[in-house]
Every structure is written in C-alpha cells, then in structure tokens.
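Report on the structure given below.
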Number of protein chains: 2
Amino acid sequence: MEEKNIITGENINSHLKDIEEHSKIAVSVDCVIFGYDMEELKVLTISCNMDPYKGLPSLIGDLVNEYEDLDQAAKRILKERTGIDNLYLEQIKSFGKVDRHPLGRVITVTYFALVKKEDYTSNGTRPAVNSKWIALSQINEMAFDHLNITNVALDTLRKKLLECPIWMKLLPVDFSLPELQHLFETIIGIPLDKRNFRKKILSLDIIQESGKKQKDVPHRPANLYRVNQKKLKKEYSFLLKNPFHHG
Amino acid sequence: MEEKNIITGENINSHLKDIEEHSKIAVSVDCVIFGYDMEELKVLTISCNMDPYKGLPSLIGDLVNEYEDLDQAAKRILKERTGIDNLYLEQIKSFGKVDRHPLGRVITVTYFALVKKEDYTSNGTRPAVNSKWIALSQINEMAFDHLNITNVALDTLRKKLLECPIWMKLLPVDFSLPELQHLFETIIGIPLDKRNFRKKILSLDIIQESGKKQKDVPHRPANLYRVNQKKLKKEYSFLLKNPFHHG
DNA sequence: ACACTTAGTGTCTCCAGTACACAATCTAAT
DNA sequence: ATTAGATTGTGTACTGGAGACACTAAGTGT
C-alpha cells in the first residue's frame, strides 16, 4: 500500500492549497479563567445562547485566526475578554469529539488562566458583555463539553499548585499566611493543619515578611508576606515572564 | 463593542457553513511512539522528504479526518503505521506555531504511545514504509518541530513513569527485576540503587513472581515476575482498557 | 477590664527515601 | 570436578519530611 502523507513529508505531491482544502475542521481556543476573591475559587463564564445549550454558562473562547500562534490566540482572547495582559496562562489539552459543537466540527485547544480579582476589577479592563464569575461550587451544568474541560482544568491546577508557587498569581502582592492557607484549602478541597502548613511554606523560602500587618480586622491582625523575588527568579523564573509555562 | 462568537454561542448569527469557511487551518495528529528493546529507548520515525527537512527523521502523523474524534485519529494512525491495535496512548499537548509546517497552517495534536518490541515485530504487523526505530540518544535533529515534541513527550513519559506502572506497556509479560530497573534507568537517565529499587517496586504490590526463571543467560538467572492483575484492576484500571487515559 | 476572635508557635512520632557489602546461583573454561 | 567469572538477591541503620496536636499572643468591641 503506497504511503502519501502531507504531514510527515512522505512522497510529497501536494502543496499549500491541498492542506487548506483538507481543513473542514475549525480550531478554537477555550480558556478556563480562574479567579479568587479571598473567599471562593471562581470561573469566568458567559451565557450561551445557542441551542441546545441556551442559558448555560460557557467558557470564554474564540476561533483561532489563520495568522496567529495558538498561544497568541489564547492571549488575545484573554486580553479581549478581561482587559488584562500578561495573565498566567498554560495549555491543558485539546478536545476533539466529532459532535462536541452543534454547529460543526470544532476542535478546541484549552488553556487555564489565573487572575487576581484586584487586577480584574481595576481600571482599564473591558470585561466581556455578560461575563460572569461563577463559584466552582455553584457550577453543575455548562454548555458544550465545558464542564468536562473545567474539571480537567481544575485537576491540572491542583497538581500544579503542589509543584510550584502559581498561587501567587491568585493573591495580592501582600498576603497573610492564613489567607494563603485558605486558598490552598479552597483549591485542594481539604482542610490543612495550620502549623504544618506554615512550616512547609516557610521552609520553601519563597516568601518573606513585608513588615506590614493586616488592617481593619476585628481581631489580631496577621503579618503580611510577599514573594521572595530572588528565590523566584532562581527557581521558578517561568512565573515571572507571565504567559506560557512550557514543560 | 458588539460581541459575536460562534464558539461560545453569544449572539448567534452563523451556522455550520460559517465554521467551515472559517477553517483555513488543518489539524494533524503526531504520535511519539516509544519502543524498548531491553537495551535502549527508541522512537519510531520515518524519513521526511519535504524541503527544507528532506532526509531528517519525522514523527508518525496524519491529518485528522472530518468525521473522526481526535483520539480515534491517533488510534487509526497507530494501527496504520504499526499494525497494532490497543497501544497505550495518551494525549500530550498541541503545537500551533504559524510557521511550524512549510506547506501551510497546520496545528498538531500530539500523543505518545508505548509499544513492546515483541508486539511490533510479531506477525500481522504492517509497519509504515521506511519507518525506522531510532534510539533517543542518537537523535539530534528532526523535521519540523518534532524534536521539541519528542522532548516534551519524553518529559511526560518520565513523569508518568513515577506515577503509575505504565512501564508494563514496554515490557514482555514475564520480566526480571534487573530488566525493570534497567528500563527505569534508561528512561529517567540516572542509575538507581538495586536494593532500594527492588524494595520500592515490591512494596507497591503490583508485581508477583511467575515461578519461572531466566533461560540461556551465562550467569545466575533472575526470577521472572509478571503484573498482579488484581491489584492492577483495583488501582490502575485505566491501564487495562489500553487506549486513552484521561486525567 | 473583659469577652471574643483569629494569629502564631514547638515537639514528638512515624514512615519513606537513601546509603551501603556480601553471600548465592548459574555458566564457561580448564 | 574444580575454579573463575558474572550477575542475582538480600537487610540494616540513618536521615529528613509529613502529620498529629494545645496553648499563648494580639488585636477588636462592649
């Protein structure tokens, strides 16, 4: 049986036009945008108005243009929909069931993004029309296969959280250890021991006291910490140049 | 600014034809097929004959058809190129730089697969024309972005190897502990302590003595083990139904 | 000044990872 | 039959991180 394959370059007898005529498949990017308001973990959604999913929350996404890289597309979508540049962004995986989109064959490449609520609500942002933060605990149905995608994104986030300090992308510059612990508990879903948590985090040498204290709380104020930039640069430099941690 | 988005279903004013006209982008699947001959870790490649990569090794891949899921496409390609059904198969990630393919815009979704050499060389297989196993240590250049893809696949394999017993997909039914250790050392790239390795593996309760011994070796023969199917079913069932471990 | 709320701290136990050396079993050669 | 050569197979002691656990400190509001 003769081989002919324009992808791998065996026995070429085709050119650009062949490829474009092959492509009855559209490619989209969908982003699971996680936000944290010091209370709950939320996802940015919009309301779908396409049958049969009308009214259900949907992830933020768009088709990929012919002249932009996948990562660029994700970045563009985030910029368009949240107004923020330089979010933390990481590819998860691609979903390509034939019938996943009612209007035709659309393969979607998914990303997850982390947003500080303080950035999202700051000046200069232009949130998508009708976009809405929904707490993960409140989501039980979504349009398309987006609930599945969201769950995969959450798994990825959980794994990642234990590997490197991406949590910094969800917290303000100054934060307290109890706040950090609450973030962990919210994402991982199980309560943690206060003393062991502090011991562990401090031993990583990734944060340092800022000298400041909490204000306007009706109880003993917590010390505020911030990320140790030197350590960060040394061991987790990919978290500085924000977008796209490859590997 | 008005929103209009056929992906998420805001203000729909388009239908199937719109999507297909949008798609100037082709989608391919490329597989990093790992094989192990009890000596080295190898990758199945074919020779590219497309400029400017003529002569370089290329991964096994093909365009995705309009009517097949991504996973089905990967499975089809593996079947076509190795003749084997039911390989272990797992999606890695997608690569979509605009200029990654000289013939046009092609986004590729990549998978890695694990093959026992004994399966590959058994009857009934119909390997791709000109396909060739190349030891990872011998690869320093590949066509397209395939070297990058291969490296990402190797990273994924290394991580996975420490999480679950996918190594069984690279070994014969009966294998010795020294053989298993050599496989680990080959993939991870660092030598391991014999006693600690055995202690660790045996403590997992995932393998059991087969009763047999090595034959035809010019030294003390090793005991042969095989995978404990009950334990496997209980804790790693996704390794049984071979293809596609999601999550 | 007292009650209330949350922050902050140290020790002990247990287990998993690591380092490490010698006896046992087979083949091949003499 | 004995010996040399090769590789398999085995146990113990040390170390460091994870986990369990209870009280004092520092603020606020009344």
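For the condition part of a helix (DSSP H, G or I), more than 16 Å from DNA strand D (Cβ to nearest atom) and surrounded by fewer than 18 Cβ atoms within 10 Å (Cβ to Cβ), B:N148 qualifies.
Within segment B:32-52, not a single residue is at pLDDT 95 or above and under 27 Å from A:G104 (Cβ atoms). Summed over segment A:193-211, residues that are surrounded by 12 or more Cβ atoms within 10 Å (Cβ to Cβ) and within 7 Å of DNA strand C (Cβ to nearest atom) total 1.
Total residues in segment A:212-233 satisfying the condition of being under 25 Å from the mean Cα position of the chain (by Cα) and either within 16 Å of DNA strand C (Cβ to nearest atom) or on the phi > 0 side of the Ramachandran plot (or both): the figure is 2. For segment A:40-56, residues that are more than 7 Å from chain B (Cβ to nearest Cβ) and surrounded by fewer than 23 Cβ atoms within 10 Å (Cβ to Cβ) total 9. Only a single item in (1) surrounded by 11 or more Cβ atoms within 10 Å (Cβ to Cβ); (2) within 10 Å of DNA strand D (Cβ to nearest atom) is not met by B:I188, and it is number (2).
Scanning segment A:66-115 for residues that are of a type in the set (S, T, Y), over 15 Å from A:I25 (Cα atoms), open to solvent by less than 10 Å² (accessible area, probe 1.4 Å) and at the interface with chain B (Cβ under 10 Å from one of its Cβ atoms) yields one hit, A:T110.
Within segment B:153-185, being open to solvent by less than 20 Å² (accessible area, probe 1.4 Å) and not in a helix (DSSP H, G or I) holds for B:C164, B:P165, B:L171, B:F175, B:S176. Of the listed requirements (1) away from DNA strand D (no atom under 13 Å from the Cβ); (2) out of contact with any Gly (no Cβ under 8 Å at 6 or more places or on another chain); (3) within 14 Å of chain B (Cβ to nearest Cβ), A:N228 misses just one: (3). Which of the residues that make up segment B:212-234 are open to solvent by 60 Å² or more (accessible area, probe 1.4 Å) and either hydroxyl-bearing (S, T, Y) or under 19 Å from B:L170 (Cβ atoms) (or both)? Passing the criteria: B:R226, B:Q229.
If the condition is being out of contact with any helix residue (DSSP H, G or I) (no Cβ under 9 Å at 6 or more places or on another chain) and touching a residue at least 24 places away in the same chain (Cβ under 8 Å), then segment A:187-213 contributes A:S210, A:K212.
The values are calculated or read from the model by the stated rules, or taken from the named source; none is laboratory data. Just so we're clear, the structure is a prediction, and the values are computed from it rather than from any experiment. Note: ideal-geometry Cβ built from the backbone for every residue, glycine included; neighbour counts use all protein chains shown. The area values use the complete protein model at the heavy-atom level, side chains included, leaving out ligands, DNA and RNA. Shrake-Rupley method; radii C 1.70, N 1.55, O 1.52, S 1.80 Å.
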